[in-house]
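Q: Sending over a structure as structure tokens; questions will come in a sec.
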Amino acid sequence: MRVIDSHVHFPADKIIDDGRGEPLPAKSSTDSGWEGTPLTGNEETEKMKQTGLSATTGKATILTGGSVPGAPSPADPWLRQEKEKWLRAWRFPKEETLSREEAKKRWLLEFERYPYLERVVFVTAGGNNFAAELAAAHPEHFLAYAHHDPLLPDAVERLEHAVKVQGLRGYKLLAPSIDRRIDDRSLYPLWETAQALEIPVLIHFGIMGGAGGVANHININPLSIHDVAKAFPHLSIIVPHFGCGYVFETLQLCWACPNVYIDTSGSNQWMRWMPYELNLEILFRKYRETIGAGRILFGSDSSWFPRGFTHAYLDEQLRAMIYVGYLESEIDTVLYGNAARLLKLS
Ligand SMILES: [Zn+2]
């Protein structure tokens, strides 16, 4: 067995790179295009980081899977209880706070611990610059995505710089944290650039965070990327967590758009509160029947230590694939082949 974990968050406070403190190097001395003033208020982003709330919408915006380091611990007893339930259900240890250097070392050790693990893709790492540093330091194991705010005035240039200069291999976005319709024409240059750079774009749709997360937003529904997927047929779009609650919509999207992929990452605990019975076996069967194993990518959504690489998710997903009849070759495609192809590893 060989595995590429296509969805990992390097432990960091900042989920989306707000451009702060990481201006693009000027192309020339006369280039003054970037003023360091994003369209969205940076103070708000900062505040959001500290409180887990968006100043404009009052919604929690950066909590993903209830496991973001630095995220505030929920005050509500029910929310705390749900978080504890999740930790207990997976027997996850208590989260440690680590320095970047220490976390990097710990990630490297995971490759010794799990010999089948060939590479991890850091979809966020607290900023494009550090993501690039990580990927460059250990190219045999680490890959990383750009993850800057798409509403930054220089978002397109940042993406080009991230891929061409910094060696990043994809672009990660959280649709419910973009306060503009994701199919807005003003974002088309970004999709055009990603398509030309031949990098996949990983976009989270559906509820953000565990219990207490964001459940409503203009971009909550995966179908909101439909027109973009149609307009940019050579752009590979990855929808994580099997569509995170939006199974019907994600299946429709995948059926309509052959350039849409899904990833399997996380505990997918949203399956618990769907209005109909759902489990990993059903999901693996449905997606295989609809789009085939060739558009399903394994991911774990691992982030903090000492949990590290969340092999429990892999174990569960592997079992589900075996029980619903995936061939060995299809399992290899999901665990390795699809990511290798999209990320041009072979
Ligand atoms: Zn994630």
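Q: Specify the residue that is farthest from the ligand (Cβ to nearest atom); the eligible residues are those in region 282-322 that are closer than 23 Å to residue 251 by Cβ and part of a loop (DSSP other than H, G, I, E, B).
A: Residue satisfying both the conditions and the ranking: 292.
Q: From the set of residues in region 290-331 that are more than 18 Å from residue 237 (Cβ to Cβ) and among the polar types (S, T, N, Q), which is surrounded by the fewest Cβ atoms within 10 Å (Cβ to Cβ)?
A: For region 290-331, the residue satisfying everything is 329.
Q: Please specify each residue of region 253-279 satisfying the condition of being crowded, with 20+ Cβ neighbours inside 10 Å, more than 16 Å from the ligand (Cβ to nearest atom) and in a helix (DSSP H, G or I).
A: 253, 254, listed by residue number.
Q: Next question. May I ask you to list the residues in region 221-241 that are away from the ligand (no atom under 16 Å from the Cβ) and out of contact with any Asp or Glu (no Cβ under 9 Å at 6 or more places or on another chain)?
A: Matches in region 221-241: 229, 230, 233.
Q: What are the residue pairs meeting all of these: first residue in region 272-299, first residue touching a residue at least 60 places away in the same chain (Cβ under 8 Å), second residue assigned to a helix (DSSP H, G or I), Cβ atoms under 6 Å, and 6 or more apart or on different chains?
A: From residues that are touching a residue at least 60 places away in the same chain (Cβ under 8 Å), the pairs are 297/338; 297/339; 298/334; 298/335.
Q: Can we say residue 225 is crowded, with 21+ Cβ neighbours inside 10 Å, among the aliphatic types (A, V, I, L, M) and outside any helix (DSSP H, G or I)?
A: no
Each reported figure results from applying straightforward, stated rules to the coordinates on display, with no laboratory input. The structure displayed is predicted, hence computed values, not measured ones. Glycine gets a Cβ as well: all are built from the backbone with ideal geometry, and neighbour counts include every protein chain shown.
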